[in-house]
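A quick write-up on the structure given underneath.
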Amino acid sequence: MAKAKKKATRKKKSSPKKAAKKTTKKSSKKKSGQRELDGMALGSATTVYPNQYDPKLLEAFPNRHPKNDAWTSLICTEFTSLCPKTGQPDFAKIFINYIADKKMVESKSLKLYLFSFRNQGDFHEDCIQNICDELVKLLSPKYLEVIGEFTPRGGIAIFPMASYHNGDDTFEDLWEERMEEYAPGKYSMDLARLY
């Protein structure tokens with residue numbers, strides 16, 4: 001039994017050099033990942049929620065696969081803005097679907113940007129067009145669309161859509177097809193699938 005304990009003890013021990021290498025590898029990976037986040041909302045220790053509309057909150061990171069055409073969908077289920085006439089709150093679900101080129105939007109910065117509409121008085125269509133325009137300005141994507149599904153007010157639900165393509169024939173064709181086929185709910189999703 002004593003021999004078995006000694007063998008087990010020997011296996012557990014590792015040389016100090018190997019332990020130092022493992023620690024250095026872990027810390028260099030952590031430092032590399034942290035450097036990517038330097039200056040970004042995601043890497044900050046605290047979160048400051050804006051009290052007015054601010055497109056400067058949007059941040060991007062490099063797309064590691066720009067040669068691949070892949071959809072990214074971002075869904076905000078708790079979007080709020082204000083009616084520009086009455087000042088009453090408007091509520092919506094926002095669907096952002098895009099095919100990235102060289103940059104992708106950082107999701108925490110997007111959350112803070114969308115939150116900045118909270119005290120912004122804009123018509124539904126303006127909110128959606130502003131979101132689309134600011135994301136295009138930030139990302140220069142191959143294709144992007146923003147859809148808003150606003151809660152009915154006065155018995156009327158408004159579902160605006162704004163979109164963009166980079167001029168490439170493939171994405172222009174996609175833009176034309178989706179514009180022709182657009183109908184409320186066509187490019188969004190049943191939120192039961194999220195929860």
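The values are calculated or read from the model by the stated rules, or taken from the named source; none is laboratory data. Note that the coordinates shown come from a computational prediction; the quantities given were computed from them, not determined experimentally. Methodologically, a virtual Cβ is constructed for each residue, glycine included, from the backbone with ideal geometry; neighbour enumeration extends over all protein chains shown.
Among the candidates SER107, SER81, SER73, the residue that is of a type in the set (Ser, Thr, Tyr), touching a Cys at 6+ places or on another chain (Cβ under 8 Å), at pLDDT 70 or above and within 27 Å of ARG178 (Cα to Cα) is uniquely SER81.
If only residues of the range 122-154 that are assigned to a loop (DSSP other than H, G, I, E, B) and in contact (Cβ under 8 Å) with a residue 24 or more places away in the chain are counted, the one that is surrounded by the most Cβ atoms within 10 Å (Cβ to Cβ) is PRO141. Checked against (1) of a type in the set (A, V, I, L, M); (2) more than 20 Å from ILE131 (Cα to Cα); (3) modelled with pLDDT of 95 or more, ALA45 meets all criteria but (3). If I filter the range 90-102 for residues that are in the same structural domain as TYR164 (by TED's automatic domain parsing) and in contact with a Gly (Cβ under 7 Å, 6 or more places away or on another chain), do I get at least one hit? Yes, there is a match, as at least one residue in the range 90-102 is in the same structural domain as TYR164 (by TED's automatic domain parsing) and in contact with a Gly (Cβ under 7 Å, 6 or more places away or on another chain).
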